[in-house]
């Protein structure tokens with residue numbers, strides 16, 4: 001078992017950050033040949049998933065998340081706490097903070113068009129986000 | 001590898017139950033210092049995710065899940081089986097039954113505002129829900 | 001740790017394919033008694049989740065995914081690349097490519113009404129989809 005924590009800094013709500021290279025590096029450093037890599041973002045207004053890292057589809061994903069949690073409706077979270085990030089929490093809970101990917105022959109075994117991404121969902125800009133990566137296997 | 005199964009009882013549709021303490025207890029009992037904890041809810045009308053356990057944002061999440069699977073539309077599942085929980089199945093399939101979190105220095109390594117929750121999505125009240133927790137590591 | 005890769009072929013967009021038997025077979029072949037099985041679909045327009053494998057609820061899930069990513073809106077991905085599968089990418093990123101299930105006493109430990117499924121989300125028909133299954137435990 002190999003553990004590596006890395007940090008990325010977002011600039012604004014809706015940022016989607018490609019983590020694929022960081023994950024590949026962690027797998028290489030781990031020395032694991034066959035197994036899995038677990039990724040977890042330790043924040044309640046960010047999430048992890050996979051997507052083709054292409055600007056068009058990233059914009060499409062943002063629009064779809066806004067169907068689920070629109071900008072222009074009141075949030076009970078915002079009424080209580082005044083954070084303004086009710087929609088951010090809701091989107092993060094839906095997509096989820098956890099992702100596990102296979103490792104095969106010492107390499108990340110995702111599809112060609114399947115990049116690992118962090119979704120910055122918070123309305124408050126310029127956040128530092130910590131991702132905990134655990135590589136397990138043989 | 002350490003396995004612990006625990007049960008929670010919901011009272012109604014939309015209940016969101018904080019499992020963080022149960023997971024912390026399982027990690028402590030496991031003796032694992034560094035690794036991961038996997039959680040899985042063994043039911044098709046409940047789901048697991050993380051969220052800030054604050055009543056406002058829990059209400060916001062429930063509303064957003066209803067955008068996806070509204071109360072006031074007919075469900076093919078209900079037409080066929082008369083269960084009335086078509087929307088429950090759909091929400092559960094979207095959010096998912098599985099969650100994995102990191103364990104670091106013998107403790108749960110989530111963010112401060114990131115609690116582990118079970119979503120009771122079934123319309124039939126008072127359900128007992130079994131969660132299978134597996135702690136792996138060193 | 002045991003690794004098995006299997007392939008399924010879909011016939012059209014919206015196909016939902018039951019993988020439960022393949023996963024049970026992989027668990028049996030692995031010889032693992034207690035642990036977890038990780039599943040990962042190596043494509044950006046397919047996803048994995050659990051659901052009751054019943055035609056009504058499968059139709060309900062498809063409708064709900066279309067709320068989030070409708071057929072009749074323009075996608076930036078399609079404008080740029082002309083693939084016509086912008087909605088497919090968006091749905092896949094939301095549901096996610098990864099699923100982990102518990103193994104107990106040598107058997108898959110899901111609920112009775114909880115089947116493991118692959119969602120074929122691409123608009124381009126007849127795709128071969130590879131799922132990487134990793135069984136870990138004792």
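Coordinate-derived values only; no laboratory data. Given the structure is predicted, the values throughout are model-derived calculations rather than measurements. All Cβ positions, even for glycine, are placed from backbone atoms using ideal geometry, and neighbour counts span all protein chains on display.
Numbers below:
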{"quantity": "Gaussian network model of chain C, springs between alpha carbon atoms under 10 Å - residue of C:16, C:27, C:51 with greatest fluctuation", "calculated": "C:51"}
{"quantity": "Two-site label geometry, residue C:81 and residue B:33: point separation in nm, points 7 Å out along Cα→Cβ", "calculated": "4.5 nm"}
{"quantity": "Residue with peak Gaussian network fluctuation, chain A [Cα springs, cutoff 10 Å], from A:118, A:65, A:48", "calculated": "A:65"}
{"quantity": "Shortest-first nm distances, residue B:29 label point to equivalent points in other copies (7 Å, Cα→Cβ)", "calculated": "3.4, 3.4"}
{"quantity": "Between 0 and 90°, nearest 10: helix C:55-68 axis offset from chain C longest Cα axis", "calculated": "50 degrees"}
{"quantity": "Nm distances between copies for residue B:71, ranked from closest, using label points 7 Å along Cα→Cβ", "calculated": "3.0, 3.0"}
{"quantity": "Footprinting exposure proxy for A:129, A:28 (fewest neighbouring C-beta atoms within 10 Å first)", "calculated": "A:28, A:129"}
{"quantity": "Angstrom value of the Kirkwood radius, inverse mean 1/r, which spans all Cα pairs in segment A:2-137", "calculated": "15.5 Å"}
{"quantity": "Other copies of residue C:128: label-to-label distances in nm, shortest first, labels 7 Å along the beta-carbon direction", "calculated": "4.8, 4.8"}
{"quantity": "Helix-derived mean residue ellipticity, 222 nm - over chain C, DSSP H n ≥ 4, -39500 (n - 2.57), to 500", "calculated": "-9000 deg cm²/dmol"}
{"quantity": "Relative contact order computed over segment B:2-137 (Cα-Cα under 8 Å; 6+ residues apart), in percent", "calculated": "54 percent"}
{"quantity": "GNM result for chain C, Cα springs below 10 Å: residue of C:68, C:53, C:40 fluctuating most strongly", "calculated": "C:68"}
{"quantity": "Residues C:127, A:33 arranged by fewest to most Cβ contacts within 10 Å", "calculated": "A:33, C:127"}
{"quantity": "Efficiency of FRET from Cβ geometry, residue C:9 and residue B:112, R₀ 45 Å, rounded to 0.05", "calculated": "0.45"}
{"quantity": "Per-residue mean of C-beta atoms belonging to partner chains within 10 Å, peptide A:111-122", "calculated": "3"}
{"quantity": "Antiparallel DSSP beta bridges within segment C:31-138, percent to nearest 5", "calculated": "100 percent"}
